[in-house]
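Below: the structure, in structure tokens.
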Amino acid sequence: MNCIIVDDEPLAREVVHFLTEDIPGITLAGSFNSAIAASQYMLGHPVDLIFLDIQMPGITGIEFTRTIPKETLIIFTTAYSEYALDNYEVDAIDYLIKPVDPERFGKAVTKAQAYHEMLLQGEKEKIEKGESLQAGHFFVKSERRFFKVNYDDILFIEGLKDYVILQLPEQRIITKMNLKNIHDLLPQKQFLRVNKSYIVNSNHINSFDNNDIFIGPHKIGIGSSYRDHFFEEFVTKNRM
């Protein structure tokens, strides 16, 4: 699990940082003194768990919780009592009262890890049932995490035996799945199989000739047994 700390008190951040070092299965990805700084980081980085203070200058912890993805879990680290927090409409996995007790910290993280596994299992079941098709995205597992992949962000997909490589504009994701199975997850009119090893997103094709397709700097050959299908599905239907 990727976690971050959001607290305006330097000492409080150091304490949580120290405690995370003894917990297997979580990675401290960042430590921030404000909700604004944390929000900017989260725009480009996945975060599974936030250790969050409530009383902070500017945007409070309570206000911040209303802006983050619902999949991101929250553990409050606060001087408030749990009973006082019951008056707020917040959905936190746990509450830790400062000064944070190490044993209590471990129990809170264990609870978060268990809930996180439940979320991942739920996403996996959606993948297997194909329920994410209508949402414009799907999830793939890579490096012990599930990555959300938007259809429109995929440039092309390369198959390598029992693995596929999803080429995105700024990222490559490798996942254990064969090319046929991942093709079945995708909108068939948008994604075309052009040879035995490649599927291309037709929306990203910049140019082509009789033998090759060009997507940005990438050159992908058109297989002889796929050529007629490609010209029928892409060339004919997109001709001016």
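The values are calculated or read from the model by the stated rules, or taken from the named source; none is laboratory data. All figures in this text were calculated on a predicted structure; none of them were measured in a lab. Cβ placement follows ideal geometry from the backbone for every residue including glycine, while neighbour counts extend to all protein chains displayed. Areas reflect the complete protein model, heavy atoms only, side chains present, ligands, DNA and RNA absent. Shrake-Rupley method; radii C 1.70, N 1.55, O 1.52, S 1.80 Å.
Every residue, every condition in (1) modelled with pLDDT of 90 or more; (2) within 27 Å of Asn2 (Cβ to Cβ); (3) within 22 Å of the chain's Cα centre (by Cα), yes or no:
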position	(1), (2), (3)
Gly136	no, yes, yes
Lys141	no, yes, yes
Arg145	no, yes, yes
Ile154	yes, yes, yes
Met177	no, yes, yes
Leu185	no, yes, yes
Val194	yes, no, no
Asn201	yes, no, yes
Ser207	yes, no, no
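Looking at Leu166, Leu192, just one residue is touching a Ser or Thr at 6+ places or on another chain (Cβ under 6 Å), crowded, with 20+ Cβ neighbours inside 10 Å and aliphatic (A, V, I, L, M), and that residue is Leu192. Taken as a whole, region 226-235 holds no residue that is β-branched (Val, Ile, Thr), open to solvent by 60 Å² or more (accessible area, probe 1.4 Å) and modelled with pLDDT under 90. Looking at region 77-90, can you tell me whether even one residue there is touching a strand residue (DSSP E or B) at 6+ places or on another chain (Cβ under 9 Å), at pLDDT 90 or above, aliphatic (A, V, I, L, M) and surrounded by 12 or more Cβ atoms within 10 Å (Cβ to Cβ)? Taking every residue of region 77-90 in turn, none turns out to be touching a strand residue (DSSP E or B) at 6+ places or on another chain (Cβ under 9 Å), at pLDDT 90 or above, aliphatic (A, V, I, L, M) and surrounded by 12 or more Cβ atoms within 10 Å (Cβ to Cβ).
Count of region 52-70 residues, restricted to those that are in contact with a strand residue (DSSP E or B) (Cβ under 9 Å, 6 or more places away or on another chain) and exposed (fewer than 15 other Cβ atoms within 10 Å of the Cβ), is 1.
For region 169-186, a tally of residues being open to solvent by 20 Å² or more (accessible area, probe 1.4 Å) and within 22 Å of Asp212 (Cα to Cα) returns 4. Based on what the data block shows, is Leu73 at pLDDT 90 or above, of a type outside the set (Val, Ile, Thr) and under 19 Å from the mean Cα position of the chain (by Cα)? Against the criterion (at pLDDT 90 or above, of a type outside the set (Val, Ile, Thr) and under 19 Å from the mean Cα position of the chain (by Cα)), Leu73 qualifies.
Table: residues versus (1) surrounded by 20 or more Cβ atoms within 10 Å (Cβ to Cβ); (2) more than 19 Å from Tyr115 (Cβ to Cβ); (3) among the aliphatic types (A, V, I, L, M).
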{"position": "Phe18", "(1), (2), (3)": "no, yes, no"}
{"position": "Glu21", "(1), (2), (3)": "no, yes, no"}
{"position": "Gly25", "(1), (2), (3)": "no, no, no"}
{"position": "Gly30", "(1), (2), (3)": "no, yes, no"}
{"position": "Asn33", "(1), (2), (3)": "no, yes, no"}
{"position": "Ala37", "(1), (2), (3)": "no, yes, yes"}
{"position": "Leu43", "(1), (2), (3)": "no, yes, yes"}
{"position": "Pro46", "(1), (2), (3)": "no, no, no"}
{"position": "Ile50", "(1), (2), (3)": "yes, no, yes"}
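If you filter region 1-16 down to residues that are among the aliphatic types (A, V, I, L, M), within 16 Å of Asp53 (Cβ to Cβ) and in contact (Cβ under 8 Å) with a residue 12 or more places away in the chain, you find that the one that is most open to solvent (accessible area, probe 1.4 Å) is Val15.
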